[in-house]
């Protein structure tokens, strides 16, 4: 059964990887050129929206640069629940790893807050379909040897949550690992964390490929 039908709202949440420098102020909402940002969300919107205008899909981007899972949870009412999504897609985790300006989020706390977010959303909108993207990074990031062990534990939590909530899981780390062995890592992820246009295309394609089996072939496989 297809999960995308006419007049559905697709909501994307996360950090800067999702944000894509979108306009955020209410007084800027009139400018439709910049509402979706220039991240992988833009690519998904462009492909689905251009291929299927008859479906009248609505795309909302509420990713916020710098957020970790706690930040997304704190914004849950105005930036998730009040938007009443039919499909909720989230990519979060890199800002939960340690940095000079913040303490890391413990993996169990990451899981607990993430699970609470999903539980509350499903309770509010039982028919919502969840899409959980695996957080990722590449070896050119400073302190990779310190950050990756944290991130790998978050990755396991996201996969667990996808199983528990019957969500669509979008694997990304191994995909980028393979690509970075074939081409310079900065071609995909310029600083080890933030994707280039090329990397955004990879995320968008992975998202569409993961969701495609439940789209009833509307994106052509």
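Within region 138-168, restricting attention to residues that are in contact with a strand residue (DSSP E or B) (Cβ under 7 Å, 6 or more places away or on another chain) and modelled with pLDDT of 95 or more, the residue that is farthest from residue 193 (Cα to Cα) is 165. Residue-level check: of (1) surrounded by fewer than 20 Cβ atoms within 10 Å (Cβ to Cβ); (2) assigned to a loop (DSSP other than H, G, I, E, B), residue 135 misses just (1). Residues in region 48-62 that are touching a residue at least 40 places away in the same chain (Cβ under 8 Å), part of a helix (DSSP H, G or I) and surrounded by fewer than 17 Cβ atoms within 10 Å (Cβ to Cβ): 51, 54, 55.
In region 93-112, the residues that are over 11 Å from residue 154 (Cβ atoms) reach residues that are in a loop (DSSP other than H, G, I, E, B) and at pLDDT below 95 with C-beta atoms within less than 7 angstrom, at least six apart or across chains, in these pairs: 98/104. Just one of the listed residues (65, 99, 89) is within 29 Å of residue 183 (Cβ to Cβ), surrounded by fewer than 19 Cβ atoms within 10 Å (Cβ to Cβ) and under 13 Å from the mean Cα position of the chain (by Cα), namely 65. Note on region 113-132: residues that are without any contact (Cβ under 8 Å) to a residue 60 or more places away in the chain, touching a helix residue (DSSP H, G or I) at 6+ places or on another chain (Cβ under 9 Å) and either closer than 11 Å to residue 70 by Cα or not in a helix (DSSP H, G or I) (or both) amount to 8.
Considering 149, 213, which residue is surrounded by fewer than 17 Cβ atoms within 10 Å (Cβ to Cβ) and closer than 20 Å to residue 8 by Cβ?
Details: 149 fails: closer than 20 Å to residue 8 by Cβ.
Testing whether each residue is surrounded by fewer than 17 Cβ atoms within 10 Å (Cβ to Cβ) and closer than 20 Å to residue 8 by Cβ leaves just 213.
The values are calculated or read from the model by the stated rules, or taken from the named source; none is laboratory data. Please read these numbers as outputs of a predicted model, since none were measured by experiment. Neighbour counts run over all protein chains shown; Cβ positions are idealised from the backbone, glycine included.
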